[in-house]
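Here is the structure we will look at, set down as structure tokens.
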Amino acid sequence: MTNTELILNMLAEASTKDISVATNPRDFKESRKVARQGGNVAKVARKELESRTGKKVVTSQNAKGLKGKPENRKLK
């Protein structure tokens, strides 16, 4: 996962939380609607970034593959 992917994920989560606080969903159905709205905020941001850079944001990288690589280990 790239930094941009992580940031967009955090944007989706923060947006969902803020929308939830503002709307106070009462049940699962309403909470699901709020989650979709929060995810849509990040989706719009991703599409806008992709259109301005001409590059895809989503990659096939994941944190599991980075674990053993020397360049990603913490220095002591």
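The set of residues from region 33-57 being surrounded by 11 or more Cβ atoms within 10 Å (Cβ to Cβ) and either of a type outside the set (A, V, I, L, M, F, W, C) or over 13 Å from the mean Cα position of the chain (by Cα) (or both) comprises Lys33, Val34, Arg36, Gln37, Gly38, Gly39, Asn40, Lys43, Arg46, Lys47, Leu49, Glu50.
Count, please, the residues in region 46-62 that happen to be assigned to a helix (DSSP H, G or I) and either within 13 Å of Leu8 (Cα to Cα) or at pLDDT below 70 (or both). It would help to see each step written out before you state the result.
Kept after step one, since they are assigned to a helix (DSSP H, G or I), are these residues of region 46-62: 46-53.
From what's left, either within 13 Å of Leu8 (Cα to Cα) or at pLDDT below 70 (or both): 46-50.
Of the residues in region 46-62, 5 are assigned to a helix (DSSP H, G or I) and either within 13 Å of Leu8 (Cα to Cα) or at pLDDT below 70 (or both).
Residues in region 2-33 that are hydrophobic (A, V, I, L, M, F, W, C) and within 26 Å of Lys56 (Cα to Cα): 7 in all.
Close contacts from region 18-37, counting a first residue that is on the phi > 0 side of the Ramachandran plot and a second that is at pLDDT 95 or above and acidic (Asp, Glu), with Cβ to Cβ under 9 Å and a gap of 6+ residues or different chains, come to Asn24/Glu30.
Yes/no matrix, rows are residues, columns are (1) at pLDDT below 90; (2) charged (D, E, K, R):
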{"position": "Leu8", "(1), (2)": "no, no"}
{"position": "Ala12", "(1), (2)": "no, no"}
{"position": "Val21", "(1), (2)": "no, no"}
{"position": "Arg26", "(1), (2)": "no, yes"}
{"position": "Ser31", "(1), (2)": "no, no"}
{"position": "Val44", "(1), (2)": "no, no"}
{"position": "Lys64", "(1), (2)": "yes, yes"}
{"position": "Lys67", "(1), (2)": "yes, yes"}
{"position": "Glu71", "(1), (2)": "yes, yes"}
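The values are calculated or read from the model by the stated rules, or taken from the named source; none is laboratory data. From a predicted model like this one, the values you see are computed outputs, not experimental measurements. Positions of Cβ are backbone-derived with ideal geometry, glycine not excepted, and every protein chain shown enters the neighbour counts.
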